[in-house]
Amino acid sequence: MNLQEIARHIDYHQKNGIEMEKVTLNYPSLKVDDAYEIQKICIDEAGSRGERLVGWKMGLTSAAKQKMVGVNEAIYGRLTSVMEMDSPELSMKGLIHPKVEPELAFILKKDLKGDRVQPRDVWLATECIVPAVEVIDSRYKNFSFTLEDVVADNASSTKFLLGNQAFSPYHTEWDKLKVTISRNNELQHEGYGRDVLAHPVRSVAELVRMLSKEGIGLKEGMVILTGGVTEAVNVQEGDTIRVDYENLGTLDMTVTE
Ligand code: 0L1
Ligand code: MG
């Protein structure tokens, strides 16, 4: 099994927004570690086109999301500079079947590394927390995949929007924050910060511990998407999305051609 070749295949479909068959159909013996290696090779390939690694995401951090896609563990993916939206307009160009989900993003002021990192280390390393929206768009047909497939496809990472207002990590009890997501003025889902691995700070700590297996860590200035606070919502051209973060404000997104 040639991981470089599989990565080239996935990178092509990611870059061009074209759907594909699950890679595990042709490579049923693919292991999760191989899939993370493929993910890394794809991002190196994107790096050779000028994309910079700006952060990381945790995915499948709630029991509800794991059940929805039939995968039993949290996963991580890499965020690059082209994924960061600089306006709340999401163009459907290059997207296949996007979904959006509310997130809480941590922005770091210190590096974090090691297999024993605890929430207290994360607090000391966090500059601020920002309400965010993630756009996921699996390259697999029908959004259907195994754990190995979704890891190799960079945890469906596609775009993310950070709110304009950052908050001190000590501003509120993030696990008690209620978040709702509406599409075209109709409530779709609601959740609480605690739906992300009991507390979003735990998601960052878990990410650091997972990365330590690859011998890497998080760097100062990076953005960490901690995981969907609610289920994801399908979007199409013409939709408007509003995410309400209780007393921390709202984030709006419009979906265009
Ligand atoms: O961000 C997420 O939780 C999504 C991870 C990948 C699974 C999916 O595409 O739904
Ligand atoms: Mg997410």
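Bear in mind that the values in this text are calculations on the coordinates, not laboratory data. What you are looking at is a predicted structure, and each value in this text was computed from that prediction instead of being measured. Ideal geometry is used to build each Cβ from the backbone, glycine not excepted, and the neighbour counts take in all protein chains shown.
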**Item:** Residue among I241, I224 that is of a type in the set (V, I, T) and within 15 Å of ligand 1 (Cβ to nearest atom)
**Value:** I224
**Request:** Evaluate the following for I96: is it under 24 Å from I6 (Cα atoms) and surrounded by 15 or more Cβ atoms within 10 Å (Cβ to Cβ)?
**Result:** yes
**Item:** Filter pass, L104 being more than 24 Å from Y12 (Cα to Cα), assigned to a helix (DSSP H, G or I), in contact (Cβ under 8 Å) with a residue 12 or more places away in the chain and aliphatic (A, V, I, L, M)
**Value:** no
**Prompt:** Taking the condition buried (at least 18 other Cβ atoms within 10 Å of the Cβ), farther than 30 Å from D33 by Cβ and of a type in the set (S, T, Y), does S182 pass?
**Reply:** yes
**Message:** Can you report the number of residues in segment 17-50 which are surrounded by 17 or more Cβ atoms within 10 Å (Cβ to Cβ) and in a loop (DSSP other than H, G, I, E, B)?
**Reply:** 3
**Asked** Out of all the residues in segment 53-72, which are farther than 13 Å from E148 by Cα and either outside any strand (DSSP E or B) or aromatic (F, W, Y) (or both)?
**Response** W56, L60, T61, S62, A63, A64, K65, Q66, K67, M68
**Complete:** Conditions (1) buried (at least 18 other Cβ atoms within 10 Å of the Cβ); (2) more than 23 Å from Y245 (Cβ to Cβ); (3) within 15 Å of ligand 2 (Cβ to nearest atom) -> L112 fails only (3)
